[in-house]
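Read the figures in this text as sums done on the coordinates, not as results from a lab. The shown structure was predicted, so the numbers you read here are calculated from the model rather than taken from an experiment. Positions of Cβ are generated from backbone atoms using ideal geometry, with glycine treated the same way; all protein chains shown enter the neighbour counts.
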Amino acid sequence: MSSADSHSRQGLQLHQSDQGQTRQGLPVDQLTSQNADRFEQAGTQWRIDPSHQAFDHEPLGLPEEHTETELRDFIFEHGRYFDSYLASEPDRDLFWSQGKRGLISYKRWYRHIIIGGGLIAPEPHKPQLVREFLEYAKQNRLSIAFHNIGEADLPLFQEMQFQVTKWGEDPMIDLDTCTWQGKDYEWVRRQTNYCLRQGMTACEVRPDQLHPVHWSDIISEVIEVADESLTRKPQKKAMRFFEGRIDNHALGRRRLFVARYQGRIEGFVICNPILNGTGWATELYRHRLDSVKGTMAFLIHFVLQQLKQEGVAQAGLCLDLGRDCHRLPGDSALVRHGLRFAENYLTSIFDFTGLRHFKSRFRPRYEKRFACVYPKVTIGSILAFVSTTGVLDLHYGRYSRILYNQHCKRRLRRNLSTGNSTQSESAASLKTNSKPYSLRKSA
């Protein structure tokens, strides 16, 4: 049976209106009162979406849906990018391939679909997953855009005539060979040693090891830190879709690390799993406005050392958007020039330079990431990305203040690293005579 035939026999799709998740649903003839009672007992409102009506009256039977725990376990095992685990968030739409062997997480904006997390499936099943999703998009006349696709998956998209554009690079640290010694890591050690002298501690917080009341208090303080950190950004709210959240769903298979000073949480890092926990990505990190200088470098250093002790092979620092976006045959000039313009003139909205400089201090290697769009990038797909992420939903008072501060510090910012080298910095870097201290864990 062809992919098109299989999709034409699926029956009506069901959408979860209060949670926002979309999954391939039960056939029409299985929408009995028993199923309706089961949905009602779960406290969920369901509606039939006419845009997903079948082209054949004979439905194709599908197995029951994944539970929330099974969904997280599936993503944990097969997600390969820093944002793959975000598919478990409750406001995502989900597309399952036949047999539920593959998953795509997306958001829809009119006729455009924005996809994050890549192809969440076993390697042999990925071609079928793309074919089925592409057929679904063609039937519904939708434009689809995958983001943060790695080189390993790229030939599959090229084969299916996607427009491929360099999107950025993912800084990765090979923990098995990283020693944190020598001049290359002098800055990281200096931040760590300073924080330790101030009495800062770091630890991982696990909800299964705490009383629910204690865990609730910690999460409340973490959200407080995140909200305080947001006041330094020009956006009204935290950016969506490509950044995770902790205020609207459980931690799940993610990991939470916190830095404390005099009992108060100064900063936190949330790590997302990659490929069954063989890698982790520092997907979300925030700190207080008045935190001890070097808090984030200290905490990320602690996290990376902790992962190394556990035998984790690699850790990611999340996408360096726009890095080395050279021209590719048949790519989108609109995206390429747009990223270049943003890097040069819109750092007050998204701080390309500051983030790139900070990540380069950990001396990562870089893996290329691509945007793959079918049939091609248009103004509409750009607007869909902007609307989905909320990157231009600005608080103009804060935006004006950031513009002023960057103007005052423009000479200093010219000296920030471009992240193009992992070698030692110039001899002008400050030296430290103190030996690196081993990181301490707090209780």
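Tabulated data for the structure shown
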item	result
DSSP-assigned coil residues among GluC sites (Glu not before Pro) in region 101-164, each with at most 16 further Cβ atoms within 10 Å	Glu151
Selection of trypsin sites (Lys or Arg not before Pro), region 108-192, meeting DSSP coil and at most 12 other Cβ within 10 Å	Arg141
For region 126-201 and region 317-332, distance of Cα centres in Å	12 Å
Inter-probe distance in nm under a simple model that places probes 7 Å from Cα toward Cβ, at Tyr110 and Cys408	4.1 nm
Förster-model FRET efficiency, 25 Å R0, Lys138 and Asp91, C-beta, rounded to 0.05	0.45
Selection of chymotrypsin sites (Phe, Trp or Tyr not before Pro), region 107-174, meeting DSSP coil and at most 12 other Cβ within 10 Å	Tyr110
For region 284-290, Karplus couplings with θ = phi - 60° (6.51, -1.76, 1.60), whole Hz, Gly/Pro x	9, 9, 9, 8, 6, 5, 9
Förster-model FRET efficiency, 22 Å R0, Leu346 and Thr378, C-beta, rounded to 0.05	0.60
